[in-house]
Amino acid sequence: MTKPQPLHIGILAHSAEGATLSFRTVWQEGVRKMGAHEHPRITMSGGAMAPTLELWERGDLAALRQIFWDDAKRLAAAGADFFILPDNTAHIALEEPGPDFPIPCLHIAEVVAAQAAADGRRHIGVLGTNWTMEGAVYKDALARRTLERSIPTPVDRETIHTAIFDELCLGDFRAETRAEFVRIIGDLQRKGCDAVALVCTEIPLLITEDVSPLPIIDSTRLQAKAAVAVALGDAAMPAWRGGVF
């Protein structure tokens, strides 16, 4: 009997480091589950992030959603059955009202929240861009599983946000920045958090379990591994095509 082919995974790239880590994790997970030199078909599409930064600053979520919709259309045209967007902040735009995306999306915050609940966590610290930390995507995803959420102070949020765009997204990982992130995670631990969600896709390249005061929930790798599970039929095909989850 012919073995069914895995589904075709689309990766919609927004920030380069995060998308690269996602791609690498998909093929590594494919090898782990399928054997040497095996993985589901992967197509990645995405333009440079620079033209979107002004849109983020002025809150033009409709324009951002259209950019992501256009890339999802390219992934669909390439044969992808569903897509992942390894950029947490981008999900703010995906959740905006608008036309359905051409193929379903595996929502990164849902993957993170599901893992936190499965691990028995109760109180999650959230580290990401200002938009992600202050926005509704993770607040809502965690609340749907009755999980408490805490974010850093305004000053520390600005430290994280600046480091993401001025360093991490550019592949610049500094010891002094790592020390600041570790301090901030320690503060979240003192607030009662029992885990920290690294929900900027570059943060897991800076903060690892061996340096974090709290257990980490790595959004990038979790979403990529979840995508492989879907592709291999070990998890349900996502149904969400943007808009309110």
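The values are calculated or read from the model by the stated rules, or taken from the named source; none is laboratory data. Quantities reported herein were computed from a predicted structural model and do not represent experimental measurements. Quick reminder, even Gly has a Cβ in these numbers, built from the backbone with ideal geometry, and neighbours come from all protein chains shown.
The residues of the stretch 197-208 that are surrounded by fewer than 20 Cβ atoms within 10 Å (Cβ to Cβ) and in contact (Cβ under 8 Å) with a residue 24 or more places away in the chain amount to a single one, LEU205. The helices (runs of 4 or more DSSP H) found entirely in the stretch 1-98 that carry 1 or more residues being closer than 20 Å to ILE203 by Cα are 16-34, 50-58, 90-94.
Only one entry of ALA117, ALA72, ALA48, ALA93 meets the criterion of being outside the structural domain of THR159 (by TED's automatic domain parsing), farther than 12 Å from LEU12 by Cα and of a type in the set (A, V, I, L, M, F, W, C), and that entry is ALA93. The residues of the stretch 15-29 that are surrounded by 21 or more Cβ atoms within 10 Å (Cβ to Cβ) and either over 14 Å from the mean Cα position of the chain (by Cα) or under 17 Å from PHE82 (Cβ atoms) (or both), listed by number, are ALA19, SER22, THR25, VAL26, GLU29. Residues of the stretch 58-96 that are within 17 Å of ALA136 (Cα to Cα), surrounded by fewer than 19 Cβ atoms within 10 Å (Cβ to Cβ) and acidic (Asp, Glu): ASP60, GLU96. When PRO102, PRO152 are checked against the criterion of being under 18 Å from LEU64 (Cα atoms), modelled with pLDDT of 95 or more and not in a helix (DSSP H, G or I), PRO102 stands alone in meeting it.
Determine, yes or no, whether ALA143 is assigned by TED's automatic domain parsing to the domain that holds SER15, closer than 28 Å to PHE82 by Cα and aliphatic (A, V, I, L, M). When the stated conditions are applied, ALA143 does not pass them.
Does PHE83 count as within 17 Å of the chain's Cα centre (by Cα) and farther than 17 Å from GLY135 by Cβ? Yes: the conditions hold for PHE83.
Among the residues of the stretch 61-80, those that are over 13 Å from SER45 (Cα atoms) and under 17 Å from the mean Cα position of the chain (by Cα) comprise LEU64, ARG65. Anything in the stretch 112-149 that is in a helix (DSSP H, G or I) and buried (at least 22 other Cβ atoms within 10 Å of the Cβ)? List them, or say none. Scanning the stretch 112-149 gives VAL112, ALA113, ALA116, THR132, MET133, VAL137, TYR138, ALA141, LEU142. Return the residue satisfying two criteria in turn: it lies in the stretch 30-52 and is modelled with pLDDT of 95 or more and among the hydrophobic types (A, V, I, L, M, F, W, C), and of such residues it is surrounded by the most Cβ atoms within 10 Å (Cβ to Cβ). Checked the stretch 30-52; the qualifying residue surrounded by the most Cβ atoms within 10 Å (Cβ to Cβ) is MET44.
Number of residues in the stretch 173-223 that are in a strand (DSSP E or B), among the hydrophobic types (A, V, I, L, M, F, W, C) and within 19 Å of THR89 (Cβ to Cβ) equals 5. Quick check on my filter: what residues within the stretch 187-196 are in contact (Cβ under 8 Å) with a residue 24 or more places away in the chain and loosely packed, with under 15 Cβ neighbours inside 10 Å? If the condition is that a residue be in contact (Cβ under 8 Å) with a residue 24 or more places away in the chain and loosely packed, with under 15 Cβ neighbours inside 10 Å, then LYS191, GLY192 are the ones that fit. Here is the figure for the stretch 214-236: residues that are closer than 28 Å to ASP166 by Cβ and surrounded by 18 or more Cβ atoms within 10 Å (Cβ to Cβ) total 10. The set of residues from the stretch 193-214 being farther than 18 Å from GLU176 by Cβ and touching a Lys or Arg at 6+ places or on another chain (Cβ under 8 Å) comprises ASP194, ALA195, PRO204.
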